[in-house]
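Q: Let me begin by handing over the structure; questions about it come next.
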Amino acid sequence: MKKNLYMILIIFLLIVAIIYFIANENLTTTEYINEEIAVDLSKCNIIIDENSHGGFLGDGERIVKADCSDNYNDILNQIINWNELPLSENLRLIMYGGYKGDMYYGYELAEKNGIPKIENGYYLFIDRHDSVTDEHSDKDLFSRYSFNFTIAFYDLDTNYFYYYEFDT
């Protein structure tokens with residue numbers, strides 16, 4: 001009897017997982033970003049949308065770049081609670097590289113994905129790692145063997161919006 005109950009539970013969980021992945025796969029870029037970080041880019045011009053997530057574990061990167069010049073005020077109202085740049089030390093190290101003590105952090109994720117160094121703007125960081133206790137804190141970023149985070153930027157000088165997911 002227990003074996004049958006476990007099989008039913010496993011099948012149910014698989015069905016739920018499949019439905020979740022199918023539903024998220026059919027979202028447009030603007031719908032996806034709105035669902036993930038509550039920013040509506042529907043009036044922005046999407047310039048880049050690259051997604052390398054795939055496979056069983058879903059590792060990969062997603063980069064979205066949007067020109068929001070025609071929607072400047074609306075975007076600013078949506079990101080009013082974001083952090084003002086500059087980035088924290090950990091986020092600067094993972095996005096742009098650099099030294100912390102005697103150790104060099106050569107991830108340079110921003111350069112590899114065409115995100116310029118933004119001096120004037122805002123950012124949002126979401127740590128999506130399983131062991132996270134505060135999803136907006138980056139203090140444990142380098143204390144794990146894998147990364148699962150989202151970071152978004154809004155450049156006030158160019159009115160460009162950048163969305164970046166990194167999953168290892």
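The values are calculated or read from the model by the stated rules, or taken from the named source; none is laboratory data. Small disclaimer: the values here were computed from a predicted structure and weren't measured. Every residue, glycine as well, gets a Cβ built from its backbone with ideal geometry; the counts of neighbours run over all protein chains shown. Areas reflect the complete protein model, heavy atoms only, side chains present, ligands, DNA and RNA absent. Shrake-Rupley method; radii C 1.70, N 1.55, O 1.52, S 1.80 Å.
Q: So in region 125-156, with the set limited to residues that are touching a residue at least 60 places away in the same chain (Cβ under 8 Å) and among the β-branched types (Val, Ile, Thr), which one is nearest to CYS68 (Cα to Cα)?
A: ILE151
Q: Inside region 33-47, can you point out the residues that are open to solvent by 70 Å² or more (accessible area, probe 1.4 Å) and acidic (Asp, Glu)?
A: GLU35
Q: Name every residue in region 112-156 that is closer than 14 Å to MET95 by Cα, among the basic types (Lys, Arg) and at pLDDT below 95, in order of residue number.
A: none
Q: Any residue in region 78-94 that is more than 17 Å from the chain's Cα centre (by Cα), assigned to a loop (DSSP other than H, G, I, E, B) and modelled with pLDDT under 90?
A: Within region 78-94, not a single residue is more than 17 Å from the chain's Cα centre (by Cα), assigned to a loop (DSSP other than H, G, I, E, B) and modelled with pLDDT under 90.
Q: Further question: State which residue pairs qualify: first residue small (Gly, Ala, Ser) and inside region 47-64, second residue open to solvent by less than 20 Å² (accessible area, probe 1.4 Å) in any location, beta carbons under 7 Å apart, and separation of 6 or more residues or different chains.
A: Partner pairs satisfying both residue conditions: SER52/GLY60; GLY54/GLY60; GLY58/ASP167; GLY60/ASP167.
Q: A follow-up question, please. So is ARG128 touching a Ser or Thr at 6+ places or on another chain (Cβ under 7 Å) and surrounded by fewer than 20 Cβ atoms within 10 Å (Cβ to Cβ) or not?
A: Yes.
Q: Shifting gears a bit: Select from region 67-122 the residues that are surrounded by fewer than 16 Cβ atoms within 10 Å (Cβ to Cβ), touching a residue at least 40 places away in the same chain (Cβ under 8 Å) and more than 19 Å from LYS43 (Cα to Cα) and list them in ascending order.
A: ASN83, SER88, GLY114
Q: Can you name the residue in region 157-168 that is modelled with pLDDT of 95 or more and open to solvent by 40 Å² or more (accessible area, probe 1.4 Å) and, of all such residues, is farthest from ASN34 (Cα to Cα)?
A: In this case the residue turns out to be ASP157.
Q: Collect the residues in region 48-66 that are in contact with a strand residue (DSSP E or B) (Cβ under 6 Å, 6 or more places away or on another chain) and open to solvent by 80 Å² or more (accessible area, probe 1.4 Å), keeping them in residue-number order.
A: GLU50, ASN51
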